[in-house]
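See structure below.
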Amino acid sequence: MSFIPCKCWQGENHTHTTPSHYHGISPKTAIQIAQLDSEVHKTTVDQHAIVKALIEQSTGLSRRRNALLPAVNLPPEILVTIFEFACCPSDEDGRYSTIITAHFWRSSGSSEEHNLPYRTSVPGPLYISQVCSVWRNVAIDTSQLWDSIQLEVNFKRAKKQAAVLRYWLSKSGQRPLTVGLTEDPAVCVDSYDMPTAVIDVLRPYVHRVETAELLMTEEWEEALRYIGGCASLLTTLTLDRLYDSSAADCVYFFGAPRLRYISLIGYDPHDVELPDNQIETLSVENFEYEIALLTALVQFPKLCHYSLNASAPLNPPLYSLTHNTLQSLELNFDEVEGVVANLCRLILPALYSFKIRVCIGAPLTVIMLPFFVRTASTLRTLHLGGAQIPEDNLVKVLRVLPGLLDLSLQYLKDQDISQHFLSLMNPKECSRIDQDRPIIGAAKSERRRSLVPDLNTFSCGANVVDSHALVEFLADRWNDERRGGEAHLAGRLNTSVARLRTATFTGSRIHLKDEDVVVLHRLRMEGMQVKIGNY
């Protein structure tokens, strides 16, 4: 009867076994088994050594091969330019060079990197430094690749994220920093579970932070108090109250000497003590509490740009207000309640841009006409969105805003733009009407003028009843760039009109004929930026 050891016994290391370890077999057989075990172990060790040597040889050959490639032999100055193009954010990409999320992390497998995690789908400097030693050295020595980072903070990986942030900032030299410590959208966690490991890393570098996006939690209050007291370079700040955090009023950034741009998420401006006389740009997102529009303008007398996004209605105004420096105002509300009352109390002599979107409620245009009349001399950008606006009401508003350069009409539901409305914006059609029906009297002269004659950007989310008329309108506004000319010599009103250089129509029921598509192609070739539906 032969002895067959079990699988678990076979998997053990029997290199140093002796005949006494084997029971039920003869000593001679036990010695033979021990010798064979020793041979197996030796063979395994040799095999591992051979594999390791082959890997090292293959790696060495690959490095020698890569050393001959042009991408590796480029001058460091060229590599720096390429890396900056790949990593540094453009104006369209946003403020951060790399956004590292908790969801996509894995170990880099490099002892030199201390197994730092990185997101492989983002061409950040951590990823570039893994390609080869030449790229690694250039990436590490290029501090502008490391001066911007956003971390989506995850309480489960806070220590690992802290290691990444510490390593990242250590490579940034003495450059001003852009740091975002934001909420991980994939993890629902209240403020009490948010550790301080990540925010504490920022303390030694706070004097170089120029732009910061920070979560507001009770756990971080001590660190935020320190950051606010030492942020001498801080210019742009975003504060985000995490979920139902009971973080108290924020008073930590009152003494920041260079703070100019503020964004508040979950806060009312009254909840935050800021250097009010310095603030030039304010953005507020508040979906819980009523907000007083006029009060915020009183609080910041030098404000130039104000954006307010809220679901709760505006508080009714208690007084009228003149704000002499506000240049742009953007309002986004779910309900119309309180909006008109506040705007009718506002006098904004420097207003250049006005954007408003109200989802529910009556159209705003006619009842806001006094507001538009007061801003007609300076208003150049008008964006209307949300609830549908009757066409005749829209015409009344555009009549008092002849200086508009940028007009956008975006509705929640399909709305039609008639051929008559397009003809009112077309100076060629207005002249044709004048010839057919002469206008008598100076009081009638205003009707000859086309709507918004200086318009050069027009975006519309409505459907156009006559698509062919739309293409004709675009062609006329592109080609008919008159500065008085024959109309003036003929004794008629000066019908000067600017070129409409950018036009976008995204209605779902726009269908063009072949000849219209040909005209659109010609306009694009001549330089007009135009998009109509899918064409």
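Brief remarks on what is shown
- Distant-in-sequence amide H partners of ASN463 (H built 1.01 Å from N, under 5 Å): GLN415, ASP416, ILE417
- Net charge contributed by nearby residues that have their C-beta within less than 12 Å of LEU455 (K/R +1, D/E -1): +2
- Take the Cβ atoms of GLU526 and SER58, set R0 to 56 Å, and the FRET efficiency comes out at 0.45.
- As a proxy for reagent exposure, ranking THR502, THR236, THR322 by other Cβ atoms within 10 Å from fewest up yields THR322, THR502, THR236.
- Neighbour counting of Cβ atoms within 10 Å sorts the residues ARG399, ARG63, ARG477, fewest neighbours leading, into ARG63, ARG399, ARG477.
- Per-residue Cβ neighbour rank within 10 angstrom, fewest leading, GLU285, GLU84: GLU84, GLU285
- Amide H to amide H distances under 5 Å link ALA503 with PHE458, GLN529, VAL530, LYS531, where only residues 5 or more positions off or on other chains count and H is placed in the peptide plane.
- Residues whose amide H lies under 5 Å from that of GLU330, counting only those 5 or more places away or on a different chain, are TYR306, SER307, LEU308, LYS355; hydrogens are built 1.01 Å from N in the peptide plane.
We did not get these values from a lab; they are worked out from the coordinates using the rules stated. Small disclaimer: the values here were computed from a predicted structure and weren't measured. We place every Cβ from the backbone using ideal geometry, glycine too, and count neighbours over all the protein chains shown.
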